[in-house]
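The values are calculated or read from the model by the stated rules, or taken from the named source; none is laboratory data. It should be emphasised that the depicted structure is a prediction, and the values quoted were computed from it without experimental measurement. All Cβ positions, even for glycine, are placed from backbone atoms using ideal geometry, and neighbour counts span all protein chains on display.
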Amino acid sequence: MRKFLPGVALVFALSFVFASRAAADPAYVGAKKCRACHLKQFQTWEQTRMAKSFELLKAGAHADAKKKMKVDPQKDYTHDEKCLPCHTTGYGKPGGFVTLEKTPEMVGVQCESCHGPGGEYLKEGFMTLKNKEYKRAELVKVGLVVPTAETCTSQCHNSKSPFVGKDYVFKFEERKAKGTHEHVALKYKH
């Protein structure tokens, strides 16, 4: 029987560590990083209700709607763990929202809430290449999410929200037209 060499064990251990890091969730980077390449989309998004959704958690904001749904309009919900997953980006995930004090740049429903974390896009040699035309399959491989109604209803527009009642119907196409961003043609084809 052969002896198992300590050096071989070390190689296996390091391989496992690096493989598990590679398999880890990609990090959230924030809308300002997306803005560098998607300025027109960013500018139209920042005017939307989704961009400003964190403001709804503040005391006194939308008091009439909160009263109607039996939510205390004078309470500050900006630290409420039940509200933060839907009113911030990447809550509880690598690079995502932690608290208003620590990660104010991650408030609101940003690009990555719908399109997936952007950490992989920013790696050297991917979206950093100039004048590259990306195939959608390449982008999906590194984490691009092409949003569907299921993206929205599985994450936020569901019965966990105090604003979703038994008669609530989520109208994806209508909400997409009103609440996301203008779908401007991209500079380089995807």
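Which residue, of Lys75, Lys93, Lys123, Lys82, is farther than 27 Å from Ala177 by Cβ and modelled with pLDDT under 90?
It is Lys123.
Look through Lys75, Lys93, Lys40, Lys52 and report the one residue that is of a type outside the set (Gly, Ala, Ser) and either farther than 24 Å from Pro117 by Cα or surrounded by 19 or more Cβ atoms within 10 Å (Cβ to Cβ) (or both).
Lys75
Being free of Cβ contacts under 8 Å to residues at least 40 places away in the same chain and in a helix (DSSP H, G or I) is the filter here, so list the residues in the range 56-92 that pass it.
Correct list: Leu56, Leu57, Ala63, Asp64, Lys66, Lys67, Lys68, Leu84, His87.
For a quick check of your reading of the model, give me the residue pairs whose first member lies in the range 165-190 and is more than 23 Å from His87 (Cβ to Cβ) and surrounded by 11 or more Cβ atoms within 10 Å (Cβ to Cβ), whose second is modelled with pLDDT of 85 or more and of a type outside the set (Gly, Ala, Ser), with beta-carbon atoms closer than 6 Å and at least 6 apart or on different chains.
Listed pairs, sorted by first residue: Val184/Lys40; Val184/Gln41.
Test His87 against the criterion of being farther than 19 Å from Asp25 by Cβ and in contact with a Gly (Cβ under 8 Å, 6 or more places away or on another chain), and give yes or no.
yes
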